[in-house]
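Since the structure comes first, as structure tokens, the remarks are kept for the end.
The values are calculated or read from the model by the stated rules, or taken from the named source; none is laboratory data. Keep in mind the model is a prediction, meaning the values are calculated, not measured. Because the Cβ atoms are built from the backbone with ideal geometry, glycine has one as well, and the counts that use them run over all protein chains shown. Note: areas computed on protein heavy atoms with side chains; ligands, DNA, RNA excluded. Shrake-Rupley method; radii C 1.70, N 1.55, O 1.52, S 1.80 Å.
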Amino acid sequence: MGTDDDPGGPDGAPERTGHVAWILVGRAQVRGRLQPVEIAIDDDGIIAALGRDLRGGPRHDVGDSVILPAATDLHVHLREPGGPRDVETLASGTIQAALGGVGLVGDMPNTIPPVTDSDGVEEKARRVPGRAAVDVLLYALPVRPRALARLAETAGGFKVYLSPTTGVEEVPASVEVPGLLARLAELGLPVSVHAEDPSRFRTDLPDRGLADWNARRPAAAELAAVASLGEAPPSLRLHVAHVTTGTVADRLRAAGVSFEATPHHLLLSERSGDSSYRKVNPPLRSEADRAALWARFRRGEVPCLASDHAPHSLDTKDRPFDLAPSGMPGVETMLPLMLARVRASELELGTLVAAASDRPSRWVGQPRGRLAVGHRADLLVVDFRARTRLEARRLHAPCGWTAFEGWEAIFPREHYLRGERIVEDGQYIGRSVGEVVRPEYARSHPPARTRTGARP
Ligand code: DOR
Ligand code: ZN
């Protein structure tokens, strides 16, 4: 990961000659090995130099704690505008991100109203300055053909829902999908797809618990939807959200398509308790599917980790299973759960950082996610001895619950956004300096994983 043989700035970024504001001293993984490192950060919050015996500014020495690039979570639902403010807001969601080591979130467009035109994007963007704890990329729904050209100038990416889900009732007919993807490829923005084919849903089956939910929205629906993406032009910056099975992961990997897996699909299954708190779209799968997805994640075959942070109130989740909404919070716990798996020797740190930080940042054309000169100093300090057990009452989700109660986690002790400390001793101390970001290299630079042109 990280600094490996990096010759300098990211493609297209200028060499840094700025004044060194300060130097972070600790350990980091360099060429696959944890070793002492010093990171010089300039006045713009950019990494100016990496090495040993750096000079030019005050030093902050974190001893044998580990310095990591902050995560980029491509998939959160911050529920603004229109959501109940006691469940989530832009401010509360991004503070959870900061505490969980996420420096950039991709906010989904299924708000009330949904984001379907540039006015909708601008309305969301106006809420960010002074309220967002971390950076935000705004997705839009490409459902109004005449709004697309302007949307491509304002949004950070598109989200295509192939099946209905929370806040999304109308989806494109399958015959319309190839034309839509061809048009989106021309616009150049990243496109994330919720891939479930509703014609494969079994609404005739019972709806009483997680196993029923898995049978009603089966893995076959996901596979069918992914197969339909085979028509996508190779130039489309395509990404498939929340992949749940090894079969789908293998197909997408063979086709060179970016995709993500969530902590809940990696760690929980339909057997994790028949609770509506774990009802989610796509559903938690069988234990065998979960194990197969985890095996691929461990082997570095899942390009991105994303939370699909989708909070709902205790009241609505407390309803009978068939009436409860789908979704669970996760942006605060995503990286801490995985850092605990690293500590338990179940996952390599480099594999985690590639999936949590580097590849998702590349997919959205952001110079972050690696310890490299010219990249943003969005950095975490992690003490791997600081293990805790998750407890909803000590987390910061206003909804007040987690599907991972009692799970082991390691939270970052410090978090820096553009070189500025926003988390200290595990507490949020930031000034809400998050900004709206858009892909910087989307048109001229290919993502890390180039499409092979093979059909998924
Ligand atoms: O479980 C889900 N919840 N899946 C989605 O696709 C949407 C999300 C939400 O917004 O609640
Ligand atoms: Zn989602």
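Could you check how much of the accessible area of region 70-190 is carbon and sulfur, as a whole percent, using a 1.4 Å probe? Please list the in-between numbers first.
On the way: 2340 of 4170 Å².
C and S atoms contribute 56 percent here.
Sorted by mean Cβ packing within 10 Å, highest first, what order do the peptides 292-303, 132-143, 201-212 take? Walk me through the intermediate numbers first.
Details: 292-303: 19.1, 132-143: 25.5, 201-212: 14.2.
Going from most to least packed, we get 132-143, 292-303, 201-212.
Would you mind working out the magnitude of the charge dipole of region 89-148 relative to its Cα centre, with +1 at each Lys and Arg C-beta and -1 at each Asp and Glu C-beta, to the nearest 20 Debye? Mind showing how you got there, number by number?
Numbers: 6 positive and 6 negative charges, 12 e Å.
My answer is approximately 60 debye.
Which value in deg cm²/dmol, rounded to the nearest 500, describes the helix-derived mean residue ellipticity at 222 nm for the chain, given -39,500 (n - 2.57) per DSSP H run of n ≥ 4 and division by the residue count? Working shown, then result.
Numbers: 13 runs with 105 residues, N = 456.
Computed mean residue ellipticity for the chain: -6000 deg cm²/dmol.
Working with all protein chains in place, sort Trp22, Trp363 by solvent-accessible area computed with a 1.4 Å probe, largest first. Kindly include the intermediate steps, with their values, before the conclusion.
Details: Trp22 40, Trp363 5 Å².
The most accessible residue leads, giving Trp22, Trp363.
Might you report the magnitude of the Cβ-based charge dipole of region 143-211 about its Cα centre, with Lys and Arg at +1 and Asp and Glu at -1, to the nearest 20 debye? Spell out each step's value before the answer.
Numbers: 8 positive and 9 negative charges, 31 e Å.
About 140 debye.
Keeping all protein chains in the complex and leaving out DNA, RNA and ligands, what accessible area do you get for Val226 with a 1.4 Å probe, in Å² to the nearest 10?
Surface open to solvent at Val226 totals about 0 Å².
Which whole-number percentage describes the relative contact order of region 60-184, with Cα contacts under 8 Å and a sequence gap of 6 or more?
Working: 183 pairs, mean separation 27.1, N = 125.
Once normalised by length, the contact order is 22 percent.
Quick check: Cα centre of region 284-312 to Cα centre of region 167-202, how many Å?
22
Hey, can you rank 309-315, 175-181, 45-51, 157-163 by average C-beta count inside 10 Å, highest first?
Values: 309-315: 21.6, 175-181: 14.9, 45-51: 20.0, 157-163: 24.0.
Going by the mean number of other Cβ atoms within 10 Å, highest first, we get 157-163, 309-315, 45-51, 175-181.
Using θ = phi - 60° and the Karplus form 6.51 cos²θ - 1.76 cosθ + 1.60, what ³J(HN,Hα) does each residue of region 35-49 get, whole Hz, x for Gly and Pro?
Couplings: 8, x, 8, 10, 10, 8, 10, 8, 5, 8, x, 10, 6, 9, 7 Hz.
Take the Cα atoms of region 284-331, find their three principal axes, and give me the spread along each one in whole Å, biggest first.
So the three principal-axis extents are 39, 23, 10 Å.
When ranked by the protection proxy of mean other Cβ atoms within 10 Å per residue, highest first, what sequence do the peptides 25-35, 84-94 form?
Values: 25-35: 16.5, 84-94: 20.8.
Highest-to-lowest ranking by the protection proxy: 84-94, 25-35.
How high is the relative contact order of region 19-73, in percent, with contacts defined as C-alpha pairs under 8 Å that are six or more residues apart? Before the final figure, lay out each step's value.
Numbers: 103 pairs, mean separation 22.8, N = 55.
Across region 19-73, relative contact order equals 41 percent.
Quick one: which residues, 5 or more positions from Ala49 or on another chain, have an amide H under 5 Å from its amide H? H modelled 1.01 Å from N in the peptide plane, none for Pro or chain starts.
Counting only residues 5 or more places away or on other chains, the set is Ala40.
What is the magnitude of the charge dipole of region 77-224 about its Cα centre, with +1 placed on the Cβ of each Lys and Arg, -1 on the Cβ of each Asp and Glu, and no other charges, expressed in debye to the nearest 20?
Details: 16 positive and 20 negative charges, 23 e Å.
My answer is approximately 120 debye.
Would you please state the base-10 log of I(q)/I(0) at q = 0.11, 0.13, 0.14, 0.26 1/Å for region 285-372, with intensities from the Debye formula using one equal scatterer on every alpha carbon?
The calculated log intensity ratios at q = 0.11, 0.13, 0.14, 0.26 Å⁻¹ are -0.41, -0.56, -0.64, -1.29.
Under 8 Å for C-alpha pairs, at least 6 residues apart: give me the relative contact order for the chain, rounded to a whole percent. Let's see the in-between values first.
On the way: 1135 pairs, mean separation 100.6, N = 456.
Taking the mean separation of contacting Cα pairs over the length of the chain, I get 22 percent.
Reachable lysines from Lys317, Cα under 24 Å, same-chain residues fewer than 8 places away excluded?
Hits, sequence-local ones excluded: Lys279.
With a probe of 1.4 Å, find how much accessible area the chain has per residue, and write the answer as a whole number in Å².
Details: 17280 Å² over 456 residues.
It amounts to 38 Å² per residue over the chain.
Could you tell me which residue out of Pro311, Val280, Val87 lies farthest along the dipole of the chain toward its positive end? Charges go on the beta carbon: Lys and Arg +1, Asp and Glu -1, centred on the Cα centre.
Sorting the options by dipole projection puts first Val280.
Just the Cα atoms of the chain, one point each, no solvent: what log10 I(q)/I(0) does Debye give at q = 0.06, 0.09 Å⁻¹?
Relative scattering, expressed as log10 I(q)/I(0), comes to -0.23, -0.53.
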